[in-house]
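K.L.:
Sharing a structure, written as structure tokens. Questions coming.
Quick note: the coordinates plus some simple rules give every number you see, no bench work behind them. Keep in mind the model is a prediction, meaning the values are calculated, not measured. Glycine gets a Cβ as well: all are built from the backbone with ideal geometry, and neighbour counts include every protein chain shown.
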Amino acid sequence: MASDSQSAKSYKKGSSQNPDSDKSRLPFEPTQNRKKTTKKSSSPSVTQSPKSTSGKTGKSAFNKVDQAKSRAFSGVPEVVSKRMARRMAFFCGVPTSLGMLTFIISYLVVSQHLLNLPTIAVLLVSLGFFGLGVVGLSYGALSASWDEDRVGDWLGISEFRTNFGRTVQSWKSAKEEAQ
């Protein structure tokens, strides 16, 4: 049990020995650069399935390996995903609501004969707000702190810079890998 808690702590801190690489690696990012080597055995009886292993030690060893794999590829932590969803709802919801309110307000203004608004002006203003809503979705996801322990500031400008830099870097590395 002590080794499980130690491995969980070492996973949260990062598995790399280089402190500079821990800063560039996300807390929930799996280590993808490691190549798994398969050992070929001379006899097929050496490798056993987890169900065929006898005794409790075989099952617990399999469970530890399975848990380590699930931790490494678990995806975005729930705390971070909720933080992203709240920011996306705010930064997308406010402009989208204003886009819908544009139609209601323009109808009231025109129906009360307060001002004669051209329809193209109403269309452009509402499209502008809806466009800001689409941009708000991306900004909401990128401005959230991707670190489980750090909430970040209200606007998330510094988190946006960090996360956008990480995104661009991963695009570049994926492009280089494809070539």
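K.L.:
Can you work out the Karplus-derived ³J(HN,Hα) for every residue in the stretch 79-93? Use 6.51 cos²θ - 1.76 cosθ + 1.60 with θ = phi - 60°, whole Hz, and x for glycine or proline.
P.N.:
4, 5, 5, 5, 4, 5, 5, 4, 5, 5, 5, 6, 6, 9, x
K.L.:
Hey, another quick one. Which of the peptides 164-177, 140-153, 98-111 is most tightly packed, and how do the rest follow, going by the mean number of other Cβ atoms within 10 Å of each residue? Could you put the intermediate results ahead of the total?
P.N.:
Details: 164-177: 10.7, 140-153: 17.4, 98-111: 13.8.
So the peptides 164-177, 140-153, 98-111, ranked by packing, come out 140-153, 98-111, 164-177.
K.L.:
For the stretch 118-179, what D do you get in µm² per second when you plug the Kirkwood radius from alpha-carbon pairs into Stokes-Einstein at 25 °C and 0.890 mPa s?
P.N.:
On the way: Rh = 14.0 Å.
Reported coefficient: 176 µm²/s.
K.L.:
Report the label-to-label distance for Phe164 and Val134 in nanometres (one decimal), using points 7 Å from each Cα along the Cα→Cβ vector.
P.N.:
Each label point is offset 7 Å from its Cα along the Cβ direction, giving 1.8 nm.
K.L.:
Output wanted: per-residue J couplings in Hz (rounded whole) for the stretch 162-167, from phi through Karplus 6.51 cos²θ - 1.76 cosθ + 1.60, θ = phi - 60°, x for Gly and Pro.
P.N.:
Going residue by residue, I get 5, 5, 5, x, 5, 5 Hz, with x marking Gly and Pro.
K.L.:
Please compute the net charge surrounding Ser81, taking Lys and Arg as +1 and Asp and Glu as -1 over other residues with Cβ under 12 Å from its Cβ.
P.N.:
Details: positive: Lys82, Arg83, Arg86, Arg87; negative: Glu78, Glu148.
With Lys, Arg at +1 and Asp, Glu at -1, the neighbours total +2.
K.L.:
Quick check: pseudo-label points 7 Å beyond the Cα along Cα→Cβ at Val79 and Leu123, how many nm apart are they?
P.N.:
Placing both labels 7 Å beyond Cα along the Cβ direction yields 4.9 nm.
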